[in-house]
Amino acid sequence: MAERLRAALGARGAASEADSAVQQLEAPAQPPADLAVALHRPARRSGRTAEGLARELAEEFRGLADFRQISAQGAYLNFEVDPALLGIRTLDLILSRGGAYGHGSPQTSRVSVEHTSANTTGPFHIGRVRNAVLGDTLARVLRAAGYPVTTQYYVDDVGRQAAVITWFWSRPAAEWPPELLAELPVGWAHRAAGQKPDHFRGAPYPAATAFLKSHPEAAEEVQALARDLERGREPPRHHELAVEILGGMTASLERLGISFDEFVWESSLLTDGSVEEVRRRLAAAPHAVQEENGAAAIDATGYHLPTEGARIIVARADGTSLYVTRDVAFHLRKFRSYDRVIDVLGADHKLHAQTLEALLTEIGETRRPEFVIYAYISAPGGGKMSSRAGTAVYLDDLLEEAVRRAAAEVARRHPDLDPAQARRIAEMVGAGAIRYSILRVAAEKTVTFQWEEALSFEGRSAPFLQYSYARASSLLRKAEATEGPYPYAIEELAGPWERTLLTTLSRLPGTVAYAARTGHVHTLAGYAHELAEEFNRFYQEVPVLRAESGRRSRVALVAAARQTLGNTLDLLGVEKLDRM
RNA sequence: GGGCACGUUGCACAGCCUGGAUCAGUGCACCGGAUUCCUAAUCCGGGGGUCGUGGGUUCAAAUCCCACCGUGCCCGCCA
């Protein structure tokens, strides 16, 4: 089709417009047309009126295979795909590929997606969860697009923040500064038994940070600890503490369906000498300079960083390295194992990303990571989420509330459901709702957290999708057709709802490809909603089990819709439910 | 002050990459309907929008360019 159009335009002296015209074939068109091309520009090129050219081409393309009709509508050339053909292709593809429907062909380039990478200083608040949800979904989408993907969580166990945790916990309780303890909520340590380790161990962190600001001698202890970590001299309990807190953090993420292929400990970059190697290369870099106090830096005047000074410090006066220096080492390591390196970063790390790129240039590295930047989620009512200010909303609290509300709904609908199963459903509904509320918004959009928004169970929400899936499952159960094959006759699926549903089903592969290419995973959330909406419409208007004729074909359509919606839910990381 | 991002109905968002024809759409909220029938966490109908403002490019701009305004983030020998 594209070639015919290209040739036809070429023959009329409008070859230069052929590409953009062909491109329009990809975009959705105005019903009833399935494909449409605007001919204003080609017409001008070839010295005709757009209307005239449209008529001419419509005539030339008449009777082209696969199309029911090709017609001129004003300046537009409209193509109506033969619905039967589209339906057959779509159904056959879905029913034969099953769980792989929508997926791309295998790719060879290996991809690393680094996401979350939160410091082990306390529990997740939902601002940070956005990173995890985005990164995890992106990884799912890239896998579906055919790439071998490795997800990586970069754990900072050598920086000052890690040192603060160890500084506090490695001393006997009797030596905890009373001034610091006074800042902690009453009974913080007594609740320890029932608390997750990230909450318990992380509790003193904000107060400790504040305390250190006003107590230089204590701050020096922390700095000394950091120096030890830098030299590979790990204080007792340091690693266990990090592991313990990290365990609490990742346990929460697992409830959202998020796990990692690899945890990369920052200290490993020091012990294997790769940070040292980076420092040597930076010292020999074209713009290497020395600060008066001995700190090593790069003169970044030429990089136009939006900083006040034009110096990037790469090693402190005391010889310890900085986060960005270690991150250069980490990226060099990633470049060795992966062809595409993707970093999911909060908007507050944009400067860090630019700095990292400048340093890569300095050492003569030409490869670059791709950054997926997302905006932070503000606290309810606006402002930053801060543990100190008490404005943070924690993932665990949100999950608890979501599951509680979901459980109430389940109990109301199915009072006699087995309690274990009811709990399972509530968990999946609650977790799905949270995940979807994050996913449906474009990453670069700043959002202000609202409980009702995150906990919505109707309309544009995960439970709406899950409910649609459950309805389809229920239908197949009752039709005793939970397994194929699903024979059908396409002429029995010619009604308006069936047609629209089929068209929507056919759009998954394109949507996945787009999301993988651009990283805009929210488009997939939008697609899922459209698909569920279309299915519900069909469900409402078209009887399946009670169908007087064509029941088997409708069952096949339901099976295909369930499969497609299910595949989409897998990509979104929302659990599929066969009943709810 | 500088850099970057965002600004679409009462609220929350999609559409912007690749400009097109009833493309201004979705959810919530509001109003009115649908359940003897496959799960009403559903469906149907209705009201409501100068697509921040002003220029520019174009046959055509929510979509591209410039300026301005507003909001957010960043500008550490923190991460």
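The values are calculated or read from the model by the stated rules, or taken from the named source; none is laboratory data. Just so it is clear, the structure is predicted and the values come from calculations on it, not from any experiment. Every residue, glycine as well, gets a Cβ built from its backbone with ideal geometry; the counts of neighbours run over all protein chains shown. Protein only, heavy atoms only, side chains kept; ligands, DNA and RNA dropped before computing areas. Shrake-Rupley method; radii C 1.70, N 1.55, O 1.52, S 1.80 Å.
Condition check ((1) over 30 Å from A:LYS196 (Cα atoms); (2) charged (D, E, K, R); (3) surrounded by fewer than 23 Cβ atoms within 10 Å (Cβ to Cβ)) across all residues:
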{"site": "A:LEU85", "(1), (2), (3)": "yes, no, yes"}
{"site": "A:ARG89", "(1), (2), (3)": "yes, yes, yes"}
{"site": "A:GLY102", "(1), (2), (3)": "yes, no, no"}
{"site": "A:GLU114", "(1), (2), (3)": "no, yes, no"}
{"site": "A:THR120", "(1), (2), (3)": "no, no, no"}
{"site": "A:PRO123", "(1), (2), (3)": "no, no, no"}
{"site": "A:ASP136", "(1), (2), (3)": "no, yes, no"}
{"site": "A:PRO148", "(1), (2), (3)": "yes, no, yes"}
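When the stretch A:313-344 is examined, which residues are found to be open to solvent by less than 20 Å² (accessible area, probe 1.4 Å), within 12 Å of RNA strand B (Cβ to nearest atom) and assigned to a strand (DSSP E or B)?
Scanning the stretch A:313-344 gives A:VAL314, A:ALA315, A:SER321.
Could you list, in sequence order, the residues of the stretch A:206-216 that are in contact with a helix residue (DSSP H, G or I) (Cβ under 8 Å, 6 or more places away or on another chain) and open to solvent by 40 Å² or more (accessible area, probe 1.4 Å)?
Matches in the stretch A:206-216: A:THR209, A:LYS213.
Step by step: first the residues of the stretch A:446-456, then only those that are assigned to a helix (DSSP H, G or I) and more than 8 Å from RNA strand B (Cβ to nearest atom), then the one that is most open to solvent (accessible area, probe 1.4 Å). Which residue is that? Let's see the steps before the verdict.
Taking the stretch A:446-456 as the starting set, the residues that turn out to be assigned to a helix (DSSP H, G or I) are A:451-454.
Retained after the next criterion (residues that are more than 8 Å from RNA strand B (Cβ to nearest atom)): A:451, A:454.
Details: A:TRP451: 92, A:ALA454: 7 Å².
In this case the residue turns out to be A:TRP451.
Does the stretch A:182-196 hold any residues that are among the aliphatic types (A, V, I, L, M) and either within 16 Å of RNA strand B (Cβ to nearest atom) or open to solvent by less than 60 Å² (accessible area, probe 1.4 Å) (or both), and which are they?
A:LEU184, A:ALA189, A:ALA192
Using the structure shown, decide if A:ARG55 is part of a helix (DSSP H, G or I), basic (Lys, Arg) and open to solvent by 80 Å² or more (accessible area, probe 1.4 Å).
Taking the combined requirement at face value, the residue satisfies it.
Restricting attention to the stretch A:513-521, does a residue exist that is in contact with a Phe, Trp or Tyr (Cβ under 6 Å, 6 or more places away or on another chain), under 30 Å from A:ARG130 (Cα atoms), β-branched (Val, Ile, Thr) and part of a helix (DSSP H, G or I)?
No.
Hey, among A:GLN107, A:GLN161, which residue is closer than 30 Å to A:ARG231 by Cβ and open to solvent by 20 Å² or more (accessible area, probe 1.4 Å)?
Answer to the selection: A:GLN161.
For the structure I just gave you, tell me whether A:GLY122 is within 30 Å of A:LEU508 (Cβ to Cβ) and in contact (Cβ under 8 Å) with a residue 60 or more places away in the chain.
So A:GLY122 does not fit the description; no.
Among the numbered conditions (1) in a loop (DSSP other than H, G, I, E, B); (2) loosely packed, with under 13 Cβ neighbours inside 10 Å; (3) out of contact with any strand residue (DSSP E or B) (no Cβ under 7 Å at 6 or more places or on another chain); (4) of a type outside the set (Lys, Arg), tell me where A:GLY382 comes up short.
The one condition A:GLY382 does not meet is (3).
Here is a check on your reading of the model: is A:ALA21 open to solvent by less than 60 Å² (accessible area, probe 1.4 Å), touching a helix residue (DSSP H, G or I) at 6+ places or on another chain (Cβ under 8 Å), on the phi < 0 side of the Ramachandran plot and not in a helix (DSSP H, G or I)?
Considered against the rule, which asks whether it is open to solvent by less than 60 Å² (accessible area, probe 1.4 Å), touching a helix residue (DSSP H, G or I) at 6+ places or on another chain (Cβ under 8 Å), on the phi < 0 side of the Ramachandran plot and not in a helix (DSSP H, G or I), A:ALA21 comes out as no.
Could you check, for the stretch A:533-544, whether at least one of its residues is in contact with a Ser or Thr (Cβ under 6 Å, 6 or more places away or on another chain), in a helix (DSSP H, G or I), more than 10 Å from RNA strand B (Cβ to nearest atom) and open to solvent by less than 30 Å² (accessible area, probe 1.4 Å)?
no
For the stretch A:164-181, give me each residue that is assigned to a helix (DSSP H, G or I) and surrounded by fewer than 17 Cβ atoms within 10 Å (Cβ to Cβ).
Our first condition is that a residue be assigned to a helix (DSSP H, G or I); within the stretch A:164-181, this holds for A:164-169, A:173-175, A:178-181.
A:ALA173, A:ALA174, A:GLU175, A:PRO178, A:GLU179, A:LEU181, listed by residue number.
Answer yes or no as to whether A:ALA219 is in a helix (DSSP H, G or I) and open to solvent by 30 Å² or more (accessible area, probe 1.4 Å).
Against the criterion (in a helix (DSSP H, G or I) and open to solvent by 30 Å² or more (accessible area, probe 1.4 Å)), A:ALA219 qualifies.
Of everything in the stretch A:457-486, what is near RNA strand B (Cβ under 6 Å from one of its atoms) and either at pLDDT below 95 or not hydroxyl-bearing (Ser, Thr, Tyr) (or both)? Give them in sequence order.
A:PHE457, A:GLU458, A:GLY459, A:ARG460, A:PRO463, A:PHE464, A:ALA470, A:ARG471, A:LEU475, A:LYS478
Conditions (1) under 35 Å from the mean Cα position of the chain (by Cα); (2) within 22 Å of A:VAL393 (Cβ to Cβ); (3) of a type in the set (A, V, I, L, M, F, W, C), marked per residue:
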| residue | (1), (2), (3) |
| --- | --- |
| A:VAL158 | yes, no, yes |
| A:VAL164 | yes, no, yes |
| A:TRP169 | yes, no, yes |
| A:HIS199 | yes, yes, no |
| A:LEU212 | no, no, yes |
| A:ALA218 | no, no, yes |
| A:GLN223 | no, no, no |
